[in-house]
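Take a look at the structure below.
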Amino acid sequence: MKKRRKRPRSVPLECSVAKNWLISGCILTISGAAFFPLALYEYSKASPAASWPTVTGVIEQSRVSTASSSSGTLGVSSSYHPDVVYRYVVNGQEHLGRNVHLGIGANTQSAAQATVRRYPVGQQVSVHYDPANPVQSVLDPTVQRRTFTAVFCTGTALGLGLFFLDIFRKVRRKELWG
């Protein structure tokens, strides 16, 4: 006697317990997949700078720059960043640099002011430069904590999203097939 395959029950997704797992999984997976590569790119851009050679440079300009944006419902918001310009010479060629650090930095007024205080005009500084492209330089070669945080958070969102989608698949299968 031939065994008949069971037909799945009809459980609409609107009534399903699995719906919340699907929604959460999709949101986390999409946001993690969108931003995780960007966070990894910022990390990969910042991490080799610690091993770059150094030369002495001089701070030419040091001030806080402000950027404002307006949103209809949120009002006007401002972000601040240190505008530090330094001059340095590599192989007899003079360069101007603007990178205090690489990666994802702070955009608060207090963080920008602290950076500007750390690099006053006229101060001699150690400039790390890329030997393959001396135009690329940075004053502080350490990877910023925000860069690590971005990699961790976006990777976690991606992982949780995929985990939630797997739970959805298992719960939905159990609902339909018993």
Calculate the radius of gyration of the Cα atoms of the stretch 38-178 to one decimal place, then report Dmax, the largest Cα-Cα distance, as a whole number, both in Å. 21.4, 76
Tensor-based shape of the stretch 103-178 (alpha-carbon gyration tensor, a/c under 1.5 rounded, otherwise prolate or oblate): prolate
Please order Thr56, Thr147 by the number of other Cβ within 10 Å, starting at the fewest. Thr56, Thr147
Sequence order, the stretch 135-149: Karplus ³J(HN,Hα) from phi using 6.51 cos²θ - 1.76 cosθ + 1.60, θ = phi - 60°, Hz rounded, Gly and Pro as x, gives 5, 7, 8, 7, 7, 10, x, 6, 6, 5, 4, 5, 5, 4, 4
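FYI, it's all coordinate maths here, none of it is from the lab. Keep in mind it's a predicted model, so treat the numbers as computed, not measured. Note: ideal-geometry Cβ built from the backbone for every residue, glycine included; neighbour counts use all protein chains shown.
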